[in-house]
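A short reminder: the numbers here are calculations on the coordinates, not readings from a lab. Values in this document were obtained by computation on a predicted structure and should not be read as measured data. Counting neighbours? That spans all protein chains shown, and the Cβs are built from the backbone with ideal geometry, glycine included.
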Amino acid sequence: MTSEEPENKDAVDPGRETGREPERGRSRLVSAAEVLGELLITLAVLCALYVVWQLWWTGVQSEHRQIETRESSAWSKPASGDTKRVAPPQGGEPPVEPRSASEGDLMAQLYIPRFGEHWERNVVQGTSPSQLAYAGLGHYPNTQMPGEVGNVALAGHRAGYGEPLAHVDEFKVGDAIVLRTKDYWYVYHYTSYRIVLPDQVDVIAPNPENPTGPATKRMITLTTCEPKYSTATHRWISWGEFDYWAKVSDGVPKELMGDKGADVVFAQQASTPLAKVGSLQNVILALVAAYLVIYLAALIAWRYPVLREIREGTRPRPVASIYGWLLRHQSGIAPIRWILMILLVLVVACALLEWGFPWLATNVPFLRQMSNYAV
């Protein structure tokens, strides 16, 4: 019996070795598939985060710039802060304000109740990409000023950057469009719209109804992109006509009082606390500091328990995984490692919003065209 034992062992060992090769091959295939799956999921998350940056974070930055501009303008509040007082319409020719403006100057604020009871956007002089991205709406310099006979033409984004003109398709005939300059209100009502090609500049002529003729009335024109969420091949043009003017010192136009007669709330407060910050740099520094403190404390207290268990053979060697590798190389026990992983993810996400996606939108041609990005 003992003489047969070596033969039995010899007979079994090749079978065992033969059985391991397919298992190893399958293991490698499974590991490769898992890594590929992680990469695809990561790519999907990055695409979703890019959409968040384009449609939300650029709007936060735009709101931050507009709040800063309003706070530095020193424009007086209507009726010395009594926004429940209705400003009566004035007779006679409306005053023209401002008479002139330089690129980037705050020249007006626009209110459109149809877009929301507290909807307000800055209007600056100029329609350069940087002005339209972060300053609010831009006034075409070659068009008339508020109060002048002719056409006050404004441009604004329809998606991203605060999307000031996202809802032009919801206008109804007669809706109020209100401009406030430093000292005066100019109240218009919406009349009609057209969808045109980008080179049809006659829509912002002094008399868009008859571009070759002289201006005969006071109008306002809002231009934005069409379609909304893809490459803008056309422009959506909204027109309004002048109703009356009023003094800011007298109060607020009745069109801004709301259905219940409540006072209009002017956008002095940010819609999100991040709009007061405007930049994620301090948030990133705080997250990095928190990560380092927790990491070093856990390193002193526990070091790397998972790696030690793998090395000592008390834990099976894990399959290939990008995120598993990162998690194993965090110091501390399981809850601490997960906290560190969450902090890392937040740091990467904030860095992408602050620097990564702007760089991509600036340097990758199809992203620049899709995003309408302006540095």
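Just a few scattered comments:
- For a paramagnetic label modelled on Val345 (point 7 Å from Cα along Cα→Cβ), amide N atoms under 19 Å away belong, within the range 53-82, to 53.
- Helix axis angle, 281-301 relative to the chain longest principal axis, alpha carbon, degrees: 20 degrees
- Sequence-ordered 3J(HN,Hα) estimates for the range 73-80 from the Karplus curve with 6.51, -1.76 and 1.60 and θ = phi - 60° stand at 7, 6, 6, 6, 7, x, 6, 6 Hz, glycine and proline given as x.
- Model label points for Trp325 and Leu285, set 7 angstrom from Cα along the Cα-to-Cβ axis, are 3.3 nm apart.
- Distance between modelled label sites at Glu34 and Trp359, nm, 7 Å Cα→Cβ extension: 3.1 nm
- A cut-off of 5 Å between modelled amide H atoms, ignoring neighbours fewer than 5 places along the same chain, links Leu137 with Asn122, Val123, Val124.
- Counting only DSSP beta bridges whose two residues both lie in the chain, roughly 80 percent are antiparallel.
- In the chain, Cα pairs under 8 Å separated by at least six residues give a relative contact order of 18 percent.
- Label-point separation, Arg114 to Arg194 (7 Å along Cα→Cβ), nm: 1.8 nm
- Database remark: amide H of His157 closer than 5 angstrom to the amide H of Leu165 (H placed geometrically; neighbours at sequence offset of 5 or more, or on other chains; Pro and chain starts carry no H).
- Spatial extent of the range 77-270: Rg and Dmax, with the Cα atoms as the point set, Å: 15.8, 45
- The slack in the chain from Thr42 to Val201, taken as 0.36 nm per residue of separation less the alpha-carbon distance, amounts to 52.9 nm.
- Gain in span if fully extended, Gln369 to Ser102, counting 0.36 nm per residue against the direct Cα distance: 93.3 nm
- Whole-number Å³ per residue for the convex hull built on Cα positions in the chain: 204 Å³
- The chain - charge dipole about Cα centre, Lys and Arg +1 at Cβ, Asp and Glu -1, debye rounded to 20: 600 debye
- Most positive-pole-ward Cα, His118, Thr191, Met219, against dipole of the range 77-270 from beta carbon charges: His118
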